[in-house]
1. Given (1) within 29 Å of residue 277 (Cα to Cα); (2) within 23 Å of the chain's Cα centre (by Cα), identify the lone condition not met by residue 116.
2. With the structure loaded, tell me whether residue 280 is modelled with pLDDT under 95, closer than 23 Å to residue 94 by Cα, more than 18 Å from the chain's Cα centre (by Cα) and aliphatic (A, V, I, L, M) or whether it fails that test.
3. Picking from 233, 247, which residue would you name as being farther than 30 Å from residue 169 by Cα, in contact (Cβ under 8 Å) with a residue 24 or more places away in the chain, more than 15 Å from the chain's Cα centre (by Cα) and assigned by TED's automatic domain parsing to the domain that holds residue 142?
4. Does residue 261 meet the test of being assigned by TED's automatic domain parsing to the domain that holds residue 216, β-branched (Val, Ile, Thr) and surrounded by 23 or more Cβ atoms within 10 Å (Cβ to Cβ)?
5. If I ask for residues that are of a type in the set (A, V, I, L, M, F, W, C), within 17 Å of residue 213 (Cβ to Cβ) and touching a Ser or Thr at 6+ places or on another chain (Cβ under 8 Å), which ones from the stretch 131-155 would you list?
6. Based on what the data block shows, is residue 104 over 23 Å from residue 11 (Cα atoms), within 23 Å of the chain's Cα centre (by Cα) and of a type in the set (Gly, Ala, Ser)?
7. Condition test on residue 64, is it outside the structural domain of residue 275 (by TED's automatic domain parsing), of a type in the set (Lys, Arg) and crowded, with 16+ Cβ neighbours inside 10 Å?
Amino acid sequence: MQLVRYLIGTEAELGVLDGKRVTGARSALRRLGQLDGRLGPFKRVFELACDEPKVALALGGVFRDALAEAVARDDGASVVTQEGLSALRVLPFIPDPEKVFGIGYNYKALCDHESHEHPPVPLVFAKVPTCIAGAYDEIDVTPAVGLVDFESELCVVIGRTARRVSAARALDYVGAYTVMNELSAKILPRPTVPGKTETVPQKAVDDFGPLGPTVITPDEIPDPSTLRMVARVNGEERQSFPTSDMVHGVQALIAYISAIITLHPGDLIATGTSVGCGIVDRPPRLMNDGDVVECEIVGYPGCRNVFRIPAQRTKKR
């Protein structure tokens, strides 16, 4: 199931994407409840889930199964559009994550390209909640940053509180998956000995984490190692790599992070990127003012953002 969050008037609503049809979750569930009254005590909980996507994820299969039935039995009255996501003002599904993590050097191809060891443990860093941006938002980069790079990444959305979770059970705590363009501010020439103090100003910049327009529930992606990630800049494919090439898979990442930091519903883990991002090209091919960058999980809608980089315009004067 693909879930989408969108704006109707001044209110955010939850919907289900099927092909180009988006069905409103609140309306469909209300109509299902009117048919036979089986929602019973869940009615108020489901209403809350339509208001708060973290609750929807935390409810897991209970909410997902009821919503699937509601959409299947809906007579069309709850359909918001038949024209696809372009007909909606799409919002980030999780606009306010408590925590956002990224993983460095987590693809074998990138490590080999950079002559970097395959890290024995995940190289975890933190972004901040204000990095989140919408799938189709125009990204106005702060004038303090002039060098920007794209990174297509599989992003894990936590669905249940996870504390000291084993790798064997880790996927039980996944609420959904989406794509993140895990953007970075860059330094040229590249530091020969990267310092940990560089991570925050490079990775935690405002709007440096555009998310895909939908989240995909784990019943549709039972094995996250079977996916392919793609990035295009101005229509040119720059990245295409399989998630099976991760050094540390999704299960290992959740186990490692939750051993030291409790994960809550809505927390995000961007799982790393591979070759093709601009900084690893020879010479580097970083983003330019006005570039259009698309990142996606193949087979699912991706984010498409226009980038405005005023620092580059100032330098041209």
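The values are calculated or read from the model by the stated rules, or taken from the named source; none is laboratory data. All values derive from a computational prediction rather than experimental measurement. Here the Cβ positions follow ideal geometry from the backbone for every residue, glycine too, while neighbour counts run over all protein chains shown.
1. For residue 116, the exception is condition (2).
2. So residue 280 does not fit the description; no.
3. 233
4. No: the conditions fail for residue 261.
5. Correct list: 154, 155.
6. The answer is yes for residue 104.
7. Here the answer is yes, as residue 64 does meet what is asked.
To keep it simple, each residue is scored yes or no on (1) more than 18 Å from the chain's Cα centre (by Cα); (2) closer than 24 Å to residue 17 by Cα.
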| site | (1), (2) |
| --- | --- |
| 216 | no, yes |
| 221 | no, yes |
| 251 | no, no |
| 261 | yes, no |
| 265 | no, yes |
| 273 | no, no |
| 276 | yes, no |
| 296 | no, yes |
